[in-house]
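Beneath this line is the structure, given in structure tokens, with notes to follow.
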Amino acid sequence: MEQTVHTPEFYDFRQYDRIWQRVAPTLEPYPARQSPPPAPPAQGAPLPSQPEIPAVPVPPSVPAAPSVPAESQLPGASQNPCCMGSAAAELLNVLTGYIEMELADRRAILSLARQAPSWARQRLRDIAADQAAHARSLMAAHYLITGTCYRSSVSTERLYVGRWCPALRERYHAAACAGLNYARSADDTADPCLARLLNSLSEDSYRHAETLMSLLERSLQNQ
């Protein structure tokens, strides 16, 4: 009995393509066959060498420039210091008046010295030098309180002091009143440093009054 050998029939892929175009025309009927992932290396087998990444050189660190503190951050710089602060600022107008007074009195004393007898001129010049120092001290106090320089009014007018003894009398009263006013202002302020400065100026003004009185005594004796 002979066996019949069946030969495989070839599939007509064109028919399959026509069916696929009707079902899913946008898809690929024969997707590309993906290659299997590479098999892991056998245990003990050396791993493939990786390319060495060159090291990036690190630039040397530049030391930071020292920070300069602001003026308000300096040691001792406070918004309301214990001396020459808000308590002293209450007498700021008084201080500017004292500055102008000292400069005006200095001009008057220097004018008096130019008309004075020779024996009295140096003592008057010493008083004028003290009054200039008083004005500088008051300007320094003004700057400590406000942080700004005080610009005084400068007069170039030449003074005429009149007769010697009446002029000494006028300058004596001006010096004595300055001493009294400085002492009163020292009592009126709660700022200890300003009070100390004003008391010192008061003592100098009283000393000037005593000097002027002694000049007047000698002048009256010579009449």
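Where a number appears in this text, it was derived from the coordinates with a stated rule and is not lab data. Keep in mind that what you see is a predicted model, and the values were worked out from it rather than measured. Reconstructed Cβ throughout: ideal geometry from the backbone, glycine too, with neighbour counts over all protein chains shown.
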Would you call Asp191 surrounded by 14 or more Cβ atoms within 10 Å (Cβ to Cβ), within 18 Å of Ala128 (Cβ to Cβ) and among the acidic types (Asp, Glu)?
no
Could you tell me which residue of segment 99-153 is surrounded by the most Cβ atoms within 10 Å (Cβ to Cβ), considering only residues that are outside any helix (DSSP H, G or I) and touching a residue at least 40 places away in the same chain (Cβ under 8 Å)?
Ala116
Go through (1) free of Cβ contacts under 8 Å to residues at least 40 places away in the same chain; (2) within 29 Å of Pro117 (Cβ to Cβ); (3) surrounded by fewer than 14 Cβ atoms within 10 Å (Cβ to Cβ) one by one and return the number of the condition Arg158 breaks.
(1)
Of everything in segment 84-98 that's within 19 Å of Ala135 (Cα to Cα) and within 21 Å of the chain's Cα centre (by Cα), which residue is surrounded by the fewest Cβ atoms within 10 Å (Cβ to Cβ)?
Ala89
Picked from segment 140-159 (must be of a type outside the set (Lys, Arg) and farther than 27 Å from Tyr206 by Cβ), the residue nearest to the chain's Cα centre (by Cα) is Gly147
Does segment 185-195 contain any residue that is in contact with a Pro (Cβ under 9 Å, 6 or more places away or on another chain), in a helix (DSSP H, G or I) and over 15 Å from Leu138 (Cα atoms)?
no
